[in-house]
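Data first, discussion second: the structure below is written as structure tokens.
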Amino acid sequence: MKKSFFLLLIAVLGVYSQSHAKYSTNSAYMSLYSQKIDLDTKDTALETRIQYQLIFKFNDAKAITLHHNYSIYFSFFEKLEEIEVITKNPQADGKIKTIKQNKFKSVNAKSSSVFYDDMQEINIDFLGLTVGSEAIINYTVSTLEPHFTEAMTFKNYLPVEKVYYELTVPDNIQVSFIEKNIDDKLKIIKTKEEKKSKTVYTWTANEVDEEKGFDSAPARLYYTPHILYKVDEYTRKNKTYEVSKNPKALYTWYTHNIKDINLKESSRIKTLADSITMGASSEKEKAKRVYEWVQKNIRYVAFEAGMEGLVPREAENVCNRRYGDCKDMSNLQYALLKAAGVKAHLTWIGTRRIPYTYSEVPLKNTDNHMIASYKDGNEWIFMDATDPNGIFGLPADHIQGKEAMIYISPSEYELYVVPVIKSSKNYSTEKALIKPIENDIEVSSKTYYGGVIAGNLANHLYYLTDEEKKDYAKGTAKRVSNNAKLNTFTLPKQENIEGKEFLLSYSIPSYIKEVGKEKYINLFLDKPFLSDAIDINDRNVPYAFKFNVKSVSDYTLEIPEGYKVSYIPENVSYKNALFGFDISYKKENNHLICTHQLYTEFPDLIMQPDKFPEWNQFIKKMTLAYKESVILEKN
């Protein structure tokens, strides 16, 4: 028996040594990421305490330069109970110098100029680091708000020798778990141990490589391995409280939070609603006018401290101040439409940064946004007025494909998936005339945009000065050649951009390549997706699109007098259900027209890694077509 135990100990130590050896030559790594969660009931509330321990290793000067600090974040609903940081730094004489820190100051975490929340940040600088140092962070956070839980993620920005999660649950608390993106490669060891009046769950993973970053990736939670726990219900003093058992339980909490708003009729809101909707021929027209009025007149500024992050402000106050966050703008639309006799609905929703649905994850983790909704017959119309140039009837790009929780009454709601807009509605159409002058070319083009593309472009132009708009036009010409010289341009007004002309004229010196009696002209003034092939040997993370698109470009070459077309490239195409292109040429009198059609049609705007080989074939075939030139020859 003793011999068996000794052999087992040798085997375990051998595994640890191999694990330690795997990252020992890395510039920096973490030897431990540990998170111990304790749930308990306090009076009639549920308390969560999370103890964190992180141990960093620094093997060279580069590690010290790049990873000498770490930030801790916590919100209004969380209390930082204790924090301690220890660095163990080897000295030239062979001794270890230990430095302890336990006093830190929190500051408001940085956010964008239109977004202000209660998130606090503590930035930790590891002191005295030398090559071979070890830095240890211990801290504890508690909260009395069980509708939020922190995802237990297994990958980090550095490789980790050991990831350890522990959840201790008293018998009077019922929990359940949701696993996301877990695969066998991680080799997670799960345990469940029944103790006196408690159950302890653990998850351990060893030798976890770092999470690589990739361009055009969806938000990390779409693909990173993680586990969510949710408190279904708990019992205290013979009374049972539902928390996140199902979407209905979450909705009950949401409606409780907003029960005290919109209690009084507002004469100001009524007068404004009548003014906005005067002469409207239908409820839908009234909804459209209210949506566009709020877009134009209420500035989006998010103040989301404490419960202000959950509860809208009174509609009249938002109207008077002329600014508000997403909830405020939604509530104002709701109140104006109600005053106009139109039934609107407050709606909770997550942006595309969040991969969950309420059906699957009935937690506050599932949303970060609020909009207003209006039902036209059987069709829901989602009105996100934070998008200043969004088009009524089309959802904002950042909520496409997301499940919405729509307020019907204090006890009734509807879950509805916002549609992903088809490419046929998100169009870009360009007609360009290319006129050769010697070996230079002059180009005049008309471009039209529609759908979500038009709204996004309008949002971009909205904040530009006249000089910056000129720079934008120059940049559009220089996508063809750095030598392009802008002549004239006309941009439509931002509030009326869909289907309107973008006029552009520019010249490119020495664009035509002349060899003997032949002139070579590449007609592709734009080459979408040219550099978007994916390294399938390195990337296993999905590729995200902002919207589906249908692009049609007609490049018309005016054949110069005294020349004929001696070579026209072959027509080529590549098509499947998700993406494709078609390039064709035709000659009409003294013009040669190259038509380039392109589409993407992803149902969820995400391309999974198993589609990468097909995508690369699509890119390769189109790139080869881009290299083709028309050849002109003297008569």
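Hey, what did the range 355-437 get for relative contact order, percent, Cα under 8 Å, at least 6 apart? Display every interim value, and only then the final one.
Values: 79 pairs, mean separation 15.1, N = 83.
Relative contact order here is 18 percent.
Tell me, what is the FRET efficiency for Lys187 and Phe148 to the nearest 0.05, using R0 = 25 angstrom and their Cβ-Cβ distance as r?
Values: r = 29 Å, r/R0 = 1.17.
It comes out at approximately 0.30.
How much of Arg479 can a 1.4 Å solvent probe reach, expressed as accessible area in Å² and rounded to 10?
Near enough 100 Å² of accessible area.
What net charge is computed for the residues neighbouring Thr44, neighbours being all others with C-beta under 15 Å from the C-beta of Thr44, Lys and Arg scored +1, Asp and Glu -1? Mind showing how you got there, number by number?
Values: positive: Lys42, Arg236, Lys237, Lys239; negative: Asp40, Asp43, Glu47, Glu145, Glu233, Glu242.
With Lys, Arg at +1 and Asp, Glu at -1, the neighbours total -2.
Could you pull out every one of the aspartates and glutamates with an alpha carbon less than 19 Å from that of Lys493, ignoring same-chain neighbours closer than 8 positions?
By straight Cα distance, Lys493 reaches Glu292, Asp387, Glu430, Asp466, Glu467, Glu468, Asp471, Glu501.
I'd like the per residue volume of the convex hull spanned by the Cα atoms of the range 561-609, given in cubic angstrom.
Numbers: hull volume 4.9 nm³, N = 49.
Each residue corresponds to 101 Å³ of Cα convex hull volume.
Grab the Cα-Cα distance for Tyr323 and Ile408, subtract it from 0.36 nm times how many residues apart they are, and report the gain in nm with one decimal.
Values: separation 85, 0.36 × 85 = 30.60 nm, distance 2.61 nm.
Here the answer is 28.0 nm.
Evaluate Rg over Rh across the range 498-566, taking Cα atoms for both radii and Kirkwood's formula for Rh. Before the final figure, lay out each step's value.
On the way: Rg = 18.6 Å, Rh = 17.0 Å.
My calculation of the ratio gives 1.10.
Could you tell me which residue out of Asn246, Met370, Phe177 lies farthest along the dipole of the chain toward its positive end? Charges go on the beta carbon: Lys and Arg +1, Asp and Glu -1, centred on the Cα centre.
Result: Phe177, furthest along the dipole toward the positive end.
I need the calculated FRET efficiency for the pair Thr41 and Asn571, taking r as the beta carbon distance and R₀ as 51 Å, to the nearest 0.05. Numbers along the way, then the final one.
On the way: r = 71 Å, r/R0 = 1.39.
Taking R0 as 51 Å, the efficiency between Thr41 and Asn571 is 0.10.
With runs of 4+ DSSP H residues as the only contributors, calculate the mean residue ellipticity of the chain at 222 nm using -39,500 (n - 2.57) per run, divided by the residue total and rounded to the nearest 500. Can you show the working numbers first?
Details: 10 runs with 126 residues, N = 635.
Rounded to the nearest 500, the figure is -6000 deg cm²/dmol.
Please report Rg (one decimal) and Dmax (integer) in Å for the Cα set of the range 408-564.
When restricted to the Cα atoms of the range 408-564, Rg and Dmax are 20.4, 81 Å.
If you put +1 on each Lys and Arg Cβ and -1 on each Asp and Glu Cβ, how big is the dipole of the range 154-261 around its Cα centre, in Debye rounded to 20? If you can, show how the numbers build up before the last one.
Numbers: 19 positive and 17 negative charges, 118 e Å.
The dipole of the range 154-261 has a size of about 560 debye.
If we sort 24-31, 556-563 on the protection proxy, mean other Cβ atoms within 10 Å, highest first, what's the order? All intermediate terms of the calculation are to be shown ahead of the outcome.
On the way: 24-31: 17.4, 556-563: 14.6.
My ranking of the peptides, most packed first, is 24-31, 556-563.
Name the aspartates and glutamates eligible as straight-distance cross-link partners of Lys88: C-alpha to C-alpha under 19 Å, and not fewer than 8 places from it in the same chain.
Filter leaves Asp60, Asp125, Glu134, Glu161.
Over the range 120-213, what is the relative contact order in whole percent, taking alpha-carbon pairs under 8 Å and six or more residues apart?
On the way: 96 pairs, mean separation 32.5, N = 94.
Contact order relative to length: 35 percent.
What's the Kirkwood radius of the range 342-385 in Å, using all Cα pairs?
Numbers: mean 1/r = 0.0875 Å⁻¹.
Result for the range 342-385 stands at 11.4 Å.
Return the tail of the calculated pair distribution for the range 449-505, meaning the percent of Cα-Cα pairs more than 16 Å apart. Provide the component values of the computation, followed by the final result.
Details: 686 of 1596 pairs.
Beyond 16 Å sits 43 percent of the P(r) for the range 449-505.
Based on the mean of other beta carbon atoms within 10 Å per residue, what is the order of 183-189, 575-581, 602-608, most packed first? The partial results should precede the final answer.
Numbers: 183-189: 12.1, 575-581: 15.4, 602-608: 17.3.
The peptides rank, most packed first, as 602-608, 575-581, 183-189.
Residues of the range 336-357 with amide nitrogen under 20 Å from the 7 Å Cα-to-Cβ point of Lys248?
348, 357
Could you work out the equivalent-ellipsoid semi-axes for the range 185-324, taking the square root of 5 times each eigenvalue of the Cα gyration tensor, largest first, in whole Å? Don't skip to the end; give the middle numbers.
Numbers: eigenvalues 421, 127, 37 Å².
Its equivalent ellipsoid spans semi-axes of 46, 25, 14 Å.
At a probe size of 1.4 Å, how large is the accessible area of Ile269, to the nearest 10 Å²?
10
Output the pairs from Lys22/Lys162; Lys402/Lys546; Lys469/Lys513; Lys517/Lys564 with a Cα-Cα distance over 22 Å in this structure; if there are none, say none.
Details: Lys22/Lys162 12 Å; Lys402/Lys546 13 Å; Lys469/Lys513 32 Å; Lys517/Lys564 11 Å.
Listed pairs above 22 Å: Lys469/Lys513.
Cα atoms only: what Rg and Dmax, in Å, come out for the range 160-224?
Cα radius of gyration and Dmax of the range 160-224 are 15.1, 49 Å respectively.
Starting from the Cα gyration tensor of the chain, multiply each eigenvalue by 5, take the square root, and state the resulting semi-axes largest first in whole Å. Display every interim value, and only then the final one.
On the way: eigenvalues 517, 287, 101 Å².
Rounded to whole Å, the semi-axes are 51, 38, 22.
Give the residue from Leu80, Ile512, Cys319 lying farthest towards the positive end of the charge dipole for the chain; charges sit on Cβ (+1 for Lys and Arg, -1 for Asp and Glu) and the dipole is referred to the Cα centre.
Of the candidates, Leu80 comes out farthest on the positive side.
With θ taken as phi - 60° and the coefficients 6.51, -1.76 and 1.60, list the Karplus ³J(HN,Hα) couplings across the range 254-266 in order, rounded to whole Hz; mark glycine and proline as x.
4, 5, 5, 5, 9, 5, 9, 9, 6, 7, 10, 5, 10
Amide H to amide H under 5 Å from Thr41: which residues, 5+ apart in sequence or cross-chain, H placed 1.01 Å off N in plane?
Those lying under 5 Å, H to H, from Thr41 are Glu47.
Each label point is 7 Å from the Cα along the Cα-to-Cβ direction; what then is the distance between the points at Lys478 and Val417, in nm?
Result for the modelled spin labels: 4.3 nm.
Would you pull out the residues with amide H under 5 Å of Leu363's amide H, same chain only if 5 or more places away, H placed 1.01 Å from N?
Counting only residues 5 or more places away or on other chains, the set is empty.
Glu82 to Glu518: extension gain in nm, 0.36 nm per residue of separation minus the Cα-Cα distance?
Details: separation 436, 0.36 × 436 = 156.96 nm, distance 7.76 nm.
Taking Glu82 through Glu518 to full extension adds about 149.2 nm, to one decimal.
Place a +1 charge on the Cβ of each Lys and Arg in the chain and a -1 charge on the Cβ of each Asp and Glu, then give the dipole magnitude about the Cα centre in debye, rounded to the nearest 20. Can you show the working numbers first?
On the way: 84 positive and 84 negative charges, 96 e Å.
Using Cβ point charges on Lys, Arg, Asp and Glu, the chain gives about 460 debye.
Per q in 0.14, 0.20, 0.26 Å⁻¹, report the Debye log10 I(q)/I(0) for the range 256-333, using one uniform scatterer on each alpha carbon and no solvent.
-0.47, -0.90, -1.27
If you look at just the Cα atoms of the range 511-635, how large are its Rg and its Dmax in Å?
Both quantities, over Cα of the range 511-635: 17.3, 55 Å.
Run a plain Debye calculation on the range 303-462 (Cα atoms as equal point scatterers, no solvent) and give log10 I(q)/I(0) at q = 0.19 Å⁻¹, rounded to two decimals, same order as the q list.
-1.29
Can you order the peptides 88-98, 292-302 by their average number of other Cβ atoms within 10 Å per residue, highest first? Spell out each step's value before the answer.
On the way: 88-98: 11.7, 292-302: 17.6.
The packing order, highest mean first, is 292-302, 88-98.
From the protein chains alone at 1.4 Å, what is the descending order of accessible area for Glu121, Glu84, largest first?
Values: Glu121 30, Glu84 65 Å².
Largest to smallest exposure gives the sequence Glu84, Glu121.
Any idea of the accessible area per residue across the chain, 1.4 Å probe, to the nearest Å²? Before the final figure, lay out each step's value.
Details: 31780 Å² over 635 residues.
For the chain, the solvent-accessible area averages 50 Å² per residue.
Taking a 1.4 Å probe, which of Tyr427, Tyr334, Tyr254 shows the most accessible area, and what order do the others take after it? Let's see the in-between values first.
Working: Tyr427 65, Tyr334 40, Tyr254 5 Å².
Ranking Tyr427, Tyr334, Tyr254 by accessible area, largest first, yields Tyr427, Tyr334, Tyr254.
Pop the C-beta distance of Glu467 and Phe177 into the FRET formula with R0 = 56 Å and round what comes out to the nearest 0.05. Don't skip to the answer; put the middle values down first.
Numbers: r = 55 Å, r/R0 = 0.99.
The formula returns an efficiency of 0.50 here.
The values are calculated or read from the model by the stated rules, or taken from the named source; none is laboratory data. This structure is a prediction, so every number in the text was calculated from the model and none was measured. Don't worry about glycine lacking a Cβ; one is built from the backbone with ideal geometry, like all the others, and counts go over all protein chains shown. Ligands, DNA and RNA are stripped out before the accessible areas are found, and what is left, the full protein with its side chains, is counted by its heavy atoms. Shrake-Rupley method; radii C 1.70, N 1.55, O 1.52, S 1.80 Å.
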